[in-house]
Amino acid sequence: MVESRRFVLIAAFAIQGFALDWKDFALRSRMPVRAVSTALVLFSVPFIPETAAAQKKSAVTRPKANPTAPNKTKPVDELTRLRHEFIQATKDYKGSLEKLLVINEKNVRKAEDRLTQSKELFAAGLISKNDFEGSERAVAEAKAKVTEVNQRIASADTQIADTLLEAEAETKLAKTKPIPKGGFVKTASFIRYNGGTAWALSDAWKVQRFFLDVFKKPLPIAVFGQGAIHDRWRLDHHNAMDVSLHPDGPEGQALLRFLRSNGIPFLAFRESIPGTATGPHIHIGRPSHRY
């Protein structure tokens, strides 16, 4: 009975992993070494298959690399990269202009307050006419700065949208058959007319005169000739101008008819840039090409 208790105790020590010298323990417990060895073997063997099974299970659940699996990440082409880059740059630029606009508008209010005071002082004979007129000029200058910033904000939107569309059109047109002189192509995204007249920017006044006579307002020219964005994209826009008119609108349609009747080439864009409110415009001149 005593030896049985000692046998169980030895087995418990073996299961728990105690690093005891079993020979020394056998001598202290006065138990035969053979009994201790038998206990260690009996209680350790059943755990070997469990360990092997766990290792096998771990090996089964471990994910294996599939060298033939397709890579879902597609390389970004240069046009797409530049498109994202310029859209973000335009947003950042507009953000800085909007901050400047807030400052300029505050300056207008301050100048108007000073002008009100100057009127009272001038009426009371406390300041000279020159001082009063100086306050008036200050208000006019402050308002002019506000107008300038607003124009720059609008121009930033228009130029980036126009340039992006023209860059994409240049890529698409390069894959199509050349359009003969006098040829006309109309798609869902653009309208192309390859007029035979030798167009130059020096003839822009003819288009401006037509629009002014018909609609009694200036032609809304967004880009005249080569701009900084065109240089960045390496697009030749030296002999072309962009007009901020939707080609499907009444004014745009009238302009397109005038251009065709005079043999002036144009490329009219009917779509917008995703994420912006601008894009549709009329490019007067030969299509821009990369250099």
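Read-outs throughout are calculated quantities, based only on the coordinates presented, and are distinct from any laboratory measurement. Given the structure is predicted, the values throughout are model-derived calculations rather than measurements. Note that each Cβ is placed from the backbone with ideal geometry, even for glycine, and that neighbours are counted across all protein chains shown.
Can you grab the distance from the C-alpha centre of the stretch 189-205 to the C-alpha centre of the stretch 210-272, Å, no decimals?
The stretch 189-205 and the stretch 210-272 have Cα centres separated by 9 Å.
Beyond a 21 Å Cα-Cα separation, which of these cross-linked pairs lie in this structure: K181/K216; K110/K143; K177/K206; K99/K145; K94/K143; K94/K145?
Violating the 21 Å limit, Cα to Cα: K181/K216; K177/K206.
Per residue, how big is the convex hull of the stretch 184-284 when only Cα atoms are used? Give it in Å³.
Cα convex hull per residue, to the nearest whole number: 110 Å³.
Starting from the Kirkwood radius over alpha-carbon pairs of the stretch 79-160, derive D by Stokes-Einstein at 25 °C in a medium of 0.890 mPa s and give it in µm² s⁻¹.
165
Please give, to one decimal in nm, the separation of the simple spin-label points placed at L201 and F224, each 7 Å out from Cα toward the Cβ.
0.9
Rank A156, S128, I87 by how far each Cα sits towards the positive end of the charge dipole of the stretch 79-160 (+1 on Lys, Arg Cβ; -1 on Asp, Glu Cβ) and give me just the farthest.
The one lying farthest along the dipole's positive direction is I87.
Amide H neighbours of A222 under 5 Å, at least 5 residues apart or on other chains, H built in the peptide plane: list them.
Amide H neighbours of A222: D242, V243, S244.
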